[in-house]
Amino acid sequence: MENIIGRPFNFRMPREVIFEAGISSLAAQKAAALGAKRPVFITGRSMAKSEALARLMDGAKKLGMKPELWPEVEPEPPVALLYKAAADIRTLGGDCLVALGGGSSMDFAKMAAVLAKFPELDAAAMVGSEKVPARGLPTIMIPTTAGSGSEVSAVAVFSFPEEKMKKGVAGGNMVADVALVDPELTHGLPPAITAASGMDALVHAVESYISLGTNPLTQDLALAAVRKIAPNLAACVREPDNASARAAQSYGSLTAGMAFAMSGTAGVHAMAYPLGGEFHVPHGEANTAMLRWVMEYNLDGCPEKFVPIAEAMGINTAGMSAERAASAALDAMIALGEECGVKTRLRDFGIPREAAAHMAKAAMKETRLISNNPRKLTEDAVKEIYERAW
Ligand SMILES: [Fe+2]
């Protein structure tokens, strides 16, 4: 096995992943096929007012269902909100959850589906890998950004405010039933959200490619993602209604999500979480801020892993040493981030330099991600990276 394909892999996906402009209109039909009579649409306050949501709920009514709305998802949702949602969903008699939104809404729905069906379970006890004992209510994921990959991933991340931490619940029972990836929903997304979520997708691709948990299918998907994201993300930021760039970016986000669904992410995500947990920096922005500094550290450990990434970024690596190709890949990522206008310094988020020490302690607790980094991360190394990023 090892000789033929490298490392073996376990590819868990929703039973249906449909990618097509306009496909979100099939949500009601897909909910009906999952046996839903009272689907609950899970979203945040701004999407709750959107035409897209109204259309989806109308579609459900037309099929004779009684759709309900739970519009209280917050960015980087705190874990306590899950219990409120689960109780509300039970009161509403919800039998299927349809998430419409970015990573926060989709992650939220994946976990709320479990807690609504099994009220006795404790979310904190399910943090880590494969600790979700059973599948929850059926779920349909409809991303409205192109970055999180949550529609296909097996992980959901929440804030634990008392500990100032973000933690992930990962496992096969968290994978959604259906993912409807409709690039049209991302048209008109504001530049800052497009940039941060788009760079998050690039980080998913790069981290899954170089991570210790990688495998050949992850790597193929990751490079496919980089090939789409690198030439299209800036166009999405500049021209929010550019249909072909938006479709390419949605495809890049989806394939990057498939890639890290198998391998997991690594040091960038581990070090981004304390930025979110303590300083409320949104996930995409936190990852983009850490990308450069963690990758500079990783380049020293495994430059050869970055050569295919450089090629996927459009760099001609012929005649280049692995070190040169790797630093060209990183330069191209940094340039893309700058072109998209993302922040790359912790001070730009109002984070004090002295925070490096306790953020390093918090990042080290993300053991699932820290131990997946290709170059070993010690607490001292993590603290030093934070200081460089300041
Ligand atoms: Fe991410």
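When we screen Glu278, Glu285 for residues that are touching a helix residue (DSSP H, G or I) at 6+ places or on another chain (Cβ under 6 Å), surrounded by 19 or more Cβ atoms within 10 Å (Cβ to Cβ) and among the acidic types (Asp, Glu), the only hit is Glu285.
Just to be sure, is Leu202 away from the ligand (no atom under 15 Å from the Cβ) and buried (at least 21 other Cβ atoms within 10 Å of the Cβ)? For Leu202, the condition - away from the ligand (no atom under 15 Å from the Cβ) and buried (at least 21 other Cβ atoms within 10 Å of the Cβ) - is not met.
Under 15 Å from the mean Cα position of the chain (by Cα) and under 30 Å from Ala360 (Cβ atoms): does that describe Ser253? So Ser253 passes the test. Quick check: is even one residue across region 311-325 out of contact with any Cys (no Cβ under 9 Å at 6 or more places or on another chain) and within 30 Å of Gly128 (Cβ to Cβ)? No; the residues of region 311-325 include none that is out of contact with any Cys (no Cβ under 9 Å at 6 or more places or on another chain) and within 30 Å of Gly128 (Cβ to Cβ).
Within region 160-181, the set of residues being touching a Gly at 6+ places or on another chain (Cβ under 6 Å) and on the phi < 0 side of the Ramachandran plot comprises Met165, Lys166.
Do we have any residue at all in region 94-115 that's among the hydroxyl-bearing types (Ser, Thr, Tyr) and farther than 16 Å from His283 by Cβ? Looking for residues that are among the hydroxyl-bearing types (Ser, Thr, Tyr) and farther than 16 Å from His283 by Cβ, one finds none in region 94-115, hence no. Could you list, in sequence order, the residues of region 100-143 that are among the hydroxyl-bearing types (Ser, Thr, Tyr) and more than 16 Å from the ligand (Cβ to nearest atom)? Correct list: Ser129, Thr139. The set of residues in region 174-197 being surrounded by fewer than 24 Cβ atoms within 10 Å (Cβ to Cβ) and out of contact with any Asp or Glu (no Cβ under 8 Å at 6 or more places or on another chain) consists of Val175, Glu184, Leu189, Pro190, Pro191, Ala192, Ile193.
Going through (1) of a type outside the set (A, V, I, L, M); (2) surrounded by 23 or more Cβ atoms within 10 Å (Cβ to Cβ); (3) within 24 Å of Pro191 (Cβ to Cβ) one by one, Phe260 falls short only on (3). Applying the condition of being of a type in the set (A, V, I, L, M) and out of contact with any Gly (no Cβ under 8 Å at 6 or more places or on another chain) to region 205-216 and asking which residue is farthest from the ligand (Cβ to nearest atom) yields Leu212. Among residues of region 116-145 that are not assigned by TED's automatic domain parsing to the domain that holds Ala156, none has a beta-carbon under 7 Å from a residue that is among the charged types (D, E, K, R) and modelled with pLDDT of 95 or more at least six positions away or on a different chain.
The values are calculated or read from the model by the stated rules, or taken from the named source; none is laboratory data. Remember, it's a predicted structure, so these values are computed and weren't measured experimentally. Using ideal geometry, Cβ is built from the backbone for each residue, glycine included, and neighbour counts are taken over all protein chains shown.
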